[in-house]
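First the structure, in the form of structure tokens, and then the observations on it.
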């Protein structure tokens, strides 16, 4: 899963070292997608008190999922329970009428900020029933 992020303050581009990678990550106010490893590196870099000015990361809300998206294996009832547990509004019904497809609902849940894989949520939902 990748999140689209950008820098909040328009200053010079940042070159951020990413553990285990030879190339640095270049980050500006232009939105770009980053994976979980890059996101951790960015957050660590921005929290460094040696940075000469305040800078923060802005999440645009866009999320890319891949073919191994665990929430795609949920059914509508499980997604309903997940949304209720997270305090999110229900996405089952489309504003145009009818029921949304599972993957569309998963994308909406991810765009609202849910980043967990879902495996432990499935166990919790199964244990509750």
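The values are calculated or read from the model by the stated rules, or taken from the named source; none is laboratory data. These numbers come from a predicted model, not from an experiment. Neighbour counts run over all protein chains shown; Cβ positions are idealised from the backbone, glycine included.
A few notes on this one:
- Scope region 30-69; condition surrounded by 14 or more Cβ atoms within 10 Å (Cβ to Cβ), in contact with a helix residue (DSSP H, G or I) (Cβ under 9 Å, 6 or more places away or on another chain) and over 14 Å from residue 2 (Cα atoms); matching residues: 55, 57
- Residues that are more than 18 Å from the chain's Cα centre (by Cα) and surrounded by 13 or more Cβ atoms within 10 Å (Cβ to Cβ) within region 1-16 comprise 11, 14, 16, listed in sequence order.
- Of all residues making up region 1-29, the number that are under 14 Å from residue 63 (Cβ atoms), touching a helix residue (DSSP H, G or I) at 6+ places or on another chain (Cβ under 8 Å) and either free of Cβ contacts under 8 Å to residues at least 40 places away in the same chain or part of a strand (DSSP E or B) (or both): 2
- Near pairs, Cβ below 8 angstrom, 6+ apart or cross-chain, from region 44-55 (modelled with pLDDT of 90 or more) to any residue that is in a helix (DSSP H, G or I) and surrounded by 10 or more Cβ atoms within 10 Å (Cβ to Cβ): 55/46
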